[in-house]
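Here the structure is laid out as structure tokens; the discussion comes afterwards.
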Amino acid sequence: MTAAAEAGRAPLSERGRRTRARLIVAARHVFEERGFDGTRMGDIAAAAGVSHGTVYTWFPTKEDALHAVVDSVTEEMYSVLSTPDVSDPVERIAVANARYLQVYRDTARLMEVVAQAAVVDGSFRAVLDGLRHTHVNRVTKSIRGMQREGVAEPSLDARISAAALCAMVEGFARNWLGGGEGGDTALAPDTHAVRTLTELWARALGLIETGGR
């Protein structure tokens, strides 16, 4: 990251913070509309209603701009991967699945753009890998906790189980909600999807009888 880009991450004035925030909102809109390859710095400037020079002051390259956009939503994305503070294990899984599907809807197009950028820039691959690793690590910790409590099948390898279950939910979201496999149901509330995913998850971990179902 260049010194100018680092400066763009931490504006010193209130006016600077407002300008940067405005540019990030505009950049997200342009990236989601045009994709990574189709986005030009001039497009971001036009969307934000500022000069080309203003964009380059904060973000020397469009890669810097995309990183800033991703950073702006990372906190929300990581928070949804955390284990909800719910005592019943099956209900906890249901809440986590509902959160995941909602955040997927909100960020799916942005993540497609990041995946496009990752083809030519490894730093974006690291972003995607980091999100997945965080998801798997937190689920692994949750499964181990349920095993210690005696509610999850103790013979299961917690990390392998976490990786498989996370892949199931991620793949479902990508193909059912984002890829059109769900047909009209992709536009409906996710109640049935959450219920089904949660039951599959609970059965896999042996929670059906012990989780209050």
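For this structure, a couple of remarks:
- Residue ID - nearest to residue 107 (Cα to Cα), chosen from residues in region 7-66 that are hydrophobic (A, V, I, L, M, F, W, C) and surrounded by fewer than 17 Cβ atoms within 10 Å (Cβ to Cβ): 25
- Scanning region 76-90 for residues that are farther than 24 Å from residue 108 by Cβ and either surrounded by fewer than 16 Cβ atoms within 10 Å (Cβ to Cβ) or in contact with a Cys (Cβ under 9 Å, 6 or more places away or on another chain) (or both) yields a total of 4.
- Lone qualifier among 37, 85 - being touching a residue at least 40 places away in the same chain (Cβ under 8 Å) and among the acidic types (Asp, Glu): 37
- Selection of region 92-142 for residues being basic (Lys, Arg) and over 28 Å from residue 192 (Cα atoms) yields only 125.
- Helices (runs of 4 or more DSSP H) contained entirely in region 37-88, each with at least 2 residues that are acidic (Asp, Glu) and at pLDDT 95 or above: 62-81
- Test result for residue 73, aliphatic (A, V, I, L, M) and under 16 Å from residue 106 (Cα atoms): yes
- Members of region 73-87 that are polar (S, T, N, Q) and farther than 17 Å from residue 115 by Cα: 79, 82, 83, 87
The values are calculated or read from the model by the stated rules, or taken from the named source; none is laboratory data. These figures come from a predicted structure and were not determined experimentally. Methodologically, a virtual Cβ is constructed for each residue, glycine included, from the backbone with ideal geometry; neighbour enumeration extends over all protein chains shown.
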